Every structure is written in structure tokens, then in C-alpha cells.
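The values are calculated or read from the model by the stated rules, or taken from the named source; none is laboratory data. Everything numeric in this text was worked out from a predicted model, so none of it was measured. Here the Cβ positions follow ideal geometry from the backbone for every residue, glycine too, while neighbour counts run over all protein chains shown. For the accessible areas, the whole protein counts, side chains as well, though only heavy atoms, and no ligand, DNA or RNA atoms are used. Shrake-Rupley method; radii C 1.70, N 1.55, O 1.52, S 1.80 Å.
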Amino acid sequence: MVDAVERKIEQYIGELGDQYVLRLYQNLPHGKRLRTKLILKIAGSSLKVVKTAATVEMIHAASLLHDDVIDDANTRRGTVSVNASEGNKTAIMMGDILYSKAFFELNSISSEVAKVISNAVVQLSLGELADVRLSRTFHTNRDAYLKMLYQKTASLMEASAESAAILVGKNRQAYRQYGHNLGLAFQMIDDILDITEDSKTLGKPALHDFVEGKVTLPYIYLHEVLAVEDREFLVSLHKKRLSNDEAEWIKVAMEKNGIIEKSYLEAKVLIDEAIELMECLGEKDLSNIAKAMIERSF
Ligand code: FPP
Ligand code: MG
């Protein structure tokens, strides 16, 4: 049924009557379509559900187009990003087109769903802004980081699950909580993989987050446990193109201090809660999605 969502997105973009825009969309790498899978698992595959998933994916794609401009990223999911191949102006406008068309369609699906999703986009944008601010200097503000993570990543996952529940009259609060936990854990695991995986698997340079300025949870925890001199060294590497030795130093320090396990366990607490919630509701497939997330190596 993911195919039905792909076809719906192509139909929506086709309706705009612009071949260049359609071609740009068709060349975007699709990613895991996690939000679609979540929506379809919760709500089945009626037309309203397929349309909702299509609008969510269009909004997600729009946010990544803008994010790549903001991060000045040359690649997205291992291929050349739109800002790199077509320029920032095109990437921004392409994002605006996807986003606006998604909202136009959303309004005729359900006003309650439209409210939930538009609120998530406000959160997304606040989160991206907080991310930009937090990335300016090395910070140790765990609460601010977690809030930003919720806004930037979990909010759309949370809204997807809640919207799906609304469409089929399920308990919206429970599914919202599930989406919230899944979204947060997803990003926490992503932050860990940026440290533990090699650049070929990631499709971007290893330790890319830290080089970009993003002080993710593992770095905050590492900073907490290091001796003063090592702390200073860690801070001096922030936002710097790392030599192999410097990258290795960070990885070894993370391993030696049990930082990866600590961060992983924090994500696992959220996943376990999501699993328990879904098992209570008899949603085996959804609890399996949560299990798979904590077990993924990439
Ligand atoms: C990726 O973060 C970014 C997001 C998940 C959200 C970005 C949100 C906006 C730009 C605001 C919303 C805008 C619209 C048009 C809906 P990342 O840079 O940490 O991850 P990455 O490694 O995938 O780039
Ligand atoms: Mg980015």
C-alpha cells in the first residue's frame, strides 16, 4: 500500500502542471517512508488515509529540502541534494510548492487532522530554528537539546500517528504517545549511528553531526565525564573538519566511557514504553515497528 501513497503524491504534483517540478520530485530519494508505514498500520488504506500519508510525506520532503539549504548539505540519502544540483533558490521554492500543495489537499481530508499536522509543522520549524541556534557553539544543555529533538523530529511522527488514529476513531492520545516515543528514539538512534557507523553506510561523512556543529546527546554525556584537559580538547574539535586521529579520539573516548550504551539505553526506555502501550492495545505490528527501530544498525 506504500505504492498507493507514492501514486497519490505523483498525482498531486502532476496536478500542478509543471514538468520541471514533477521531474525534481521524481528525482528525490524516497527514504524509508516511515511516517507512511506508521499511518497505514494504524489506519488501514482507505482513500482518506492514503491522502493523509501523501500529505505528510510531502511535508517531510519539503522540510528536508529546506534543511539541506540551512545545513548547506551537498548530499541527501547518498545522492546529490537539490540545493547542490539546482541551487538554493530552487530547493527553497520546491519545498514551498510541496508544502503548500500538501496543505491545500489536507484541508479537504479532515479539519481535525489538518489542525494536528499544521501544529506539527509549527513545531518542526521552531525545532529547526532551535537547532540552528544550539549549533552555533558547544553547549551542554540536555533539556534544550531534547526539546529541539522533539520539535524537529518527533512532532511529525507524533502527528502522523495521532492523525491516523483520528481517521479511524482510535484512541488518539495513546497513538500520539506512541508516535512521540518512536520519533524521539528514532532521532536518538540516528545520533548514535552518526558516531558508530562508517561514512559509506551513512551516505555522509562519519561524525558529520559534530562537524556540522550539532552537539548531540552522546557529546553532552561525554563532556560530562571527561577530565578538564580532555574536555577542552573535545570542545576545540567542535565544528572542525576532523583528521582521522581526531575522529578516532572521539570514537575511542565514547567507547571507553560507555557513552554509546548510555545513550542507547535512553532510547530503549522510550521504545519499551511504546512497545508496552501497543501490546496493551493488541497492536502487534506497531510494537514490532518499535522493536525494529531499536535493533536497527542503520
Ligand atoms: C533534519 O535535521 C531536519 C528536519 C527533520 C526538520 C526540518 C524542518 C524545517 C526546515 C522547518 C519546516 C519546513 C517546512 C517547509 C515544512 P538534520 O539536519 O538533523 O538531519 P539530516 O542529517 O537528515 O539533515
Ligand atoms: Mg540536515
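Students often get this wrong, so check it: of K214/K256; K32/K268; K41/K251, which have C-alpha atoms separated by over 27 Å? Walk me through the intermediate numbers first.
Numbers: K214/K256 22 Å; K32/K268 21 Å; K41/K251 37 Å.
Cα-Cα > 27 Å for K41/K251; rest within.
In the structure displayed, which of K147/K239; K51/K152; K240/K262; K48/K262; K51/K239 lie more than 32 Å apart, Cα to Cα?
Listed pairs above 32 Å: K48/K262; K51/K239.
Cα centroids of the stretch 225-282 and the stretch 29-70: 29 Å apart. Under 1.5 on a/c is rounded, so check that first for the stretch 14-84, then, if it is not, pick prolate when a/b is larger than b/c and oblate when it is not; a ≥ b ≥ c are the square roots of the alpha carbon gyration tensor eigenvalues. Note, shape of the stretch 14-84 comes out oblate.
Taking all protein chains as present, what is the carbon and sulfur share of the accessible area of the chain, in % to the nearest whole number, probe 1.4 Å? Don't skip to the end; give the middle numbers.
On the way: 7240 of 13930 Å².
C and S atoms contribute 52 percent here.
Overall form of the stretch 89-191: oblate. Here a/c, set by the Cα gyration tensor axes a ≥ b ≥ c, is 1.5 or more, and a/b is not larger than b/c.
Which value, in debye to the nearest 20, describes the size of the charge dipole of the stretch 36-123 about its Cα centre when Lys and Arg Cβ atoms bear +1, Asp and Glu Cβ atoms bear -1, and nothing else is charged?
420 debye
The value for the chain of Rg(Cα) / (2.2 N^0.38 Å) is 1.02. In the context of the full protein assembly, V5 retains an accessible surface of approximately 0 Å², using a probe radius of 1.4 Å and ignoring ligands and nucleic acids. Taking the Cα centre of the chain as reference, the dipole from Cβ charges on Lys and Arg (+1) and Asp and Glu (-1) amounts to some 740 debye. Once the 1.4 Å probe is applied to the protein heavy atoms, the chain comes out at 47 Å² accessible per residue. Considering every Cα-Cα pair within the stretch 1-129, what fraction, in whole percent, is farther apart than 27 Å? That fraction is 15 percent. Extending 7 Å from Cα along the Cβ direction at V132 and again at N27 yields two label points whose distance is 2.6 nm.
In debye to the nearest 20, how big a dipole does the stretch 128-264 give about its Cα centre with +1 on each Lys and Arg Cβ and -1 on each Asp and Glu Cβ?
540 debye
Can you give the helix-only mean residue ellipticity at 222 nm for the chain, where every DSSP H stretch with n ≥ 4 adds -39500 (n - 2.57) and the sum goes over all residues, rounded to the nearest 500 deg cm²/dmol?
Numbers: 17 runs with 226 residues, N = 298.
-24000 deg cm²/dmol, from helical runs alone.
Between G258, A174, L237, the Cα set farthest toward the positive side of the dipole of the chain (charges on each charged residue's Cβ, about the Cα centre) is that of A174.
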